[in-house]
Amino acid sequence: PTGSVVVTSPMPGIVVSVDARVGDPVRVGQLLAVIEAMKMEHEIRSPQSGTVVDTWTTAGDSVVTGSLLLALDPREAPGAENTVRTDEVDPDHIRPDLAEIVERHRVTLDAARAEAVARRRRTGQRTARENVADLVDEGTFVEYGPLTIAAQRRRRTVEELIAKSPADGMITGIGRVNGDLFDDPVGRCAILAYDYTVFAGTQGIKNHAKTDRMIHVARDGRLPLILFGEGGGGRPGEDSGDYGETFAEFAQLSGLVPMIAIVSGRCYAGNASLVGCCDVIIATQNSNIGMGGPAMIEGGGLGVFKPEDIGPIDVQVASGVVDVAVAGETEATQAAKQYLSYFQGHVPTWEAADQRAMRHIIPENRLRAYDVRRVIETLCDVDSGLELRRGFGDTVITTLARVEGRPLGILANNPTMLGGAIDSDGADKASRFMQLCDTFDLPILSLVDTPGIMVGPDVEKTALVRHSSRMFLAGANLTVPTFAIILRKVYGLGGIVMAGGSFKANNFTVAWPTGEWGTMGLEGSVHLAYRNEMAAIDDPAERKRFFDDHVAAEYQRGRAVRLATGFAIDDAIDPADSRFWLANLLASLRPTPQRVGKKRPAVDAW
């Protein structure tokens, strides 16, 4: 009829069905026909209300674009209130295909794994998911591969694997960390968490594949990586022996992004290797870290040991393996967040101590020891410091901290250990710390009070010549701003290496009134220089007077104020002004441009 509306095919295909016949009233949006094209069925719906007055196709017909399907007479249309609403669906309705996915995700969660959670409670530990939830900002974690199961289908049914190996024992994903500290939405991190409740946190094939996937995501997005490393290493009994390229690619992240390892409980073999590649290792008091667990040791014919005998926390702190030792997992997660924050930027709020206290930390008696950590704590923003490798190489203290919200690394001699002399462990600790700061563009402050590099037959057995030279090599090749504050002794090569090889190589070098210079210890230099003259004095009292007078003269020649007068240093300052100097110089630095690649090939594991 004149005025009818013709419905045509929008594509070529086969008519599957015609759902309206001549004489049928139809409404807007009502299904008229279904056409199959390229294995997909396409619904043809009514463009308006009306009555079907003609049809030209039936099921099975071939059509092309524009083929006539049917005609509608809009003059005999049902009321508008009868319009078909194709968007009317219940948003809470769960279809069968979705129900399967929802159920599979549910069984991976702690709420569905009461027995596994109970085992963790018996050891006083949290689940892997609880640790991840504590680490990331709420509602920001996007998980990769939660439905993965172990590659053991030759040994177990799929149903058994779903129950026994959720996520194949490795929780992986992206989440925001420390979002509350910064104005900008920074802090997205790649997260890997071994789940000890799944085959003792061992490394399965799919587990490795998930690890590789997150390594690529971290590399491409320049995301810091945080690893919860608890587990027993490689897993036997898998369907295949292909473990991917995890170890090579994980190590290649070093120097590109910050890498943080957290260990609670047992961490052996492959897990320990990944942990050892990280920039910092944070471990709890109940941790055991070793390159082989009890089974591997016994299998190698090396004896029978309990897990607690292998790499306990006191051993790994003293050996320098653990950077930060904490009580438990809550403290470990907090330490990881604090460590990461130094590489995330400037925080807008901070609090400072009364700087007048700096004037009284060093005793007036120039031979009296003192706690240099008090200098660091007073100088920096309140509660902003995190000391690394405390308990190892304690002649040198290495700390990350902030001044007026700006992050920096602090290197300090420790007068309570060998008088602050640099030994092999201290040199290794300082060298790696300088590497770490330089890799991620943190300025470095050196607090100098050292009688020099340690000497003597015993210390030479530790390869001190090589170890101490690491500090020269690291310091002289730094690309970040450096600052030096002379607290007291600057003797010999130890003073020079603490200053980066030269007092003029730093952005500033200033000294406190207690500062004193010498080619070696003042007393020792007088003994050597005036040995014959002193031997010629018979009277002990006169000999001591001669010695004391010459030591005093040497002290006067090397006093900070005299060095400043000759501009050997930039200034001799009131200790209370140390923060003023540092804060202003830090504020004057230009922002570090975003790097495309690495500055260094890697951060040395040692």
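The values are calculated or read from the model by the stated rules, or taken from the named source; none is laboratory data. Keep in mind the model is a prediction, meaning the values are calculated, not measured. Positions of Cβ are backbone-derived with ideal geometry, glycine not excepted, and every protein chain shown enters the neighbour counts. Note: accessible area is taken over every heavy atom of the protein model, side chains too, but ligands, DNA and RNA are not part of it. Shrake-Rupley method; radii C 1.70, N 1.55, O 1.52, S 1.80 Å.
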Next on the checklist: Condition check: surrounded by fewer than 24 Cβ atoms within 10 Å (Cβ to Cβ), among the acidic types (Asp, Glu), on the phi > 0 side of the Ramachandran plot and out of contact with any Pro (no Cβ under 9 Å at 6 or more places or on another chain). Does Asp458 satisfy that?
Outcome noted: no
Item to check | Residue count, region 425-441 (criterion: open to solvent by less than 10 Å² (accessible area, probe 1.4 Å) and either polar (S, T, N, Q) or in a loop (DSSP other than H, G, I, E, B) (or both)) | outcome: 2
Checklist entry - Tell me, which helices (runs of 4 or more DSSP H) wholly within region 261-340 include 3 or more residues that are at pLDDT 95 or above? => result 269-276, 313-318
Checklist entry - Within region 37-44, is even one residue over 59 Å from the mean Cα position of the chain (by Cα), farther than 30 Å from Val132 by Cα and at pLDDT 90 or above? => result no
Next on the checklist: Among the residues that make up region 216-236, is at least one of them among the small types (Gly, Ala, Ser), surrounded by 24 or more Cβ atoms within 10 Å (Cβ to Cβ) and over 26 Å from Val324 (Cβ atoms)?
Outcome noted: no
Next on the checklist: Anything in region 12-32 that is in a loop (DSSP other than H, G, I, E, B), among the aliphatic types (A, V, I, L, M) and surrounded by 15 or more Cβ atoms within 10 Å (Cβ to Cβ)? List them, or say none.
Outcome noted: Ala20, Val28
Checklist entry - Give me the pairs: first residue in region 92-120 and of a type in the set (Gly, Ala, Ser), second residue assigned to a helix (DSSP H, G or I), beta-carbon distance under 7 Å, and six or more apart or on different chains, which are they? => result Ala112/Arg106
Checklist entry - For the subset of region 533-575 comprising residues that are farther than 20 Å from Arg366 by Cβ and in contact with a helix residue (DSSP H, G or I) (Cβ under 6 Å, 6 or more places away or on another chain), which member is modelled with the highest pLDDT? => result Asp571
Next on the checklist: Give me the residue from region 470-492 that is among the hydroxyl-bearing types (Ser, Thr, Tyr) and modelled with pLDDT under 95 and, out of that set, surrounded by the most Cβ atoms within 10 Å (Cβ to Cβ).
Outcome noted: Tyr491
Item to check | Residue satisfying all of: in region 284-309; crowded, with 19+ Cβ neighbours inside 10 Å and β-branched (Val, Ile, Thr); farthest from Gly320 (Cα to Cα) among these | outcome: Thr284
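Kindly provide the set of residues from region 553-573 that are out of contact with any strand residue (DSSP E or B) (no Cβ under 9 Å at 6 or more places or on another chain) and open to solvent by less than 50 Å² (accessible area, probe 1.4 Å), ordered by number.
Within region 553-573, the subset out of contact with any strand residue (DSSP E or B) (no Cβ under 9 Å at 6 or more places or on another chain) is 553, 556, 566-567.
Across region 553-573, the qualifying residue is only Ala553.
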Checklist entry - Within region 493-521, how many residues turn out to be more than 24 Å from Asp574 (Cα to Cα) and either modelled with pLDDT under 85 or among the aromatic types (Phe, Trp, Tyr) (or both)? => result 4
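Collect the residues in region 152-198 that are free of Cβ contacts under 8 Å to residues at least 24 places away in the same chain and hydrophobic (A, V, I, L, M, F, W, C), keeping them in residue-number order.
At the first step, the residues of region 152-198 found to be free of Cβ contacts under 8 Å to residues at least 24 places away in the same chain are 156-161, 185.
Correct list: Val158, Leu161.
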Checklist outcome for this item: Matching residues in region 578-606 (touching a strand residue (DSSP E or B) at 6+ places or on another chain (Cβ under 8 Å), of a type in the set (Ser, Thr, Tyr) and loosely packed, with under 13 Cβ neighbours inside 10 Å) number 0
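A quick yes/no check of all residues on (1) modelled with pLDDT of 95 or more; (2) surrounded by 15 or more Cβ atoms within 10 Å (Cβ to Cβ); (3) touching a strand residue (DSSP E or B) at 6+ places or on another chain (Cβ under 9 Å); (4) assigned to a loop (DSSP other than H, G, I, E, B):
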{"site": "Val34", "(1), (2), (3), (4)": "yes, yes, yes, no"}
{"site": "Val53", "(1), (2), (3), (4)": "no, yes, yes, no"}
{"site": "Thr65", "(1), (2), (3), (4)": "yes, no, yes, yes"}
{"site": "Pro78", "(1), (2), (3), (4)": "no, yes, yes, yes"}
{"site": "Glu81", "(1), (2), (3), (4)": "no, no, no, no"}
{"site": "Glu88", "(1), (2), (3), (4)": "no, no, no, yes"}
{"site": "Asp92", "(1), (2), (3), (4)": "no, no, no, yes"}
{"site": "Gln125", "(1), (2), (3), (4)": "yes, yes, yes, yes"}
{"site": "Asn131", "(1), (2), (3), (4)": "yes, yes, yes, no"}
Checklist entry - In this structure, is Ala167 in contact with a Gly (Cβ under 9 Å, 6 or more places away or on another chain), of a type in the set (A, V, I, L, M) and in a helix (DSSP H, G or I)? => result yes
Checklist entry - For region 341-361, what are the residues that are in a loop (DSSP other than H, G, I, E, B) and either small (Gly, Ala, Ser) or loosely packed, with under 14 Cβ neighbours inside 10 Å (or both)? => result Gly345, Pro348, Thr349, Glu351, Ala352, Ala353, Asp354
Checklist entry - If you go through region 365-421, how many residues are at pLDDT 95 or above, open to solvent by 10 Å² or more (accessible area, probe 1.4 Å), more than 20 Å from Tyr339 (Cβ to Cβ) and part of a helix (DSSP H, G or I)? => result 2
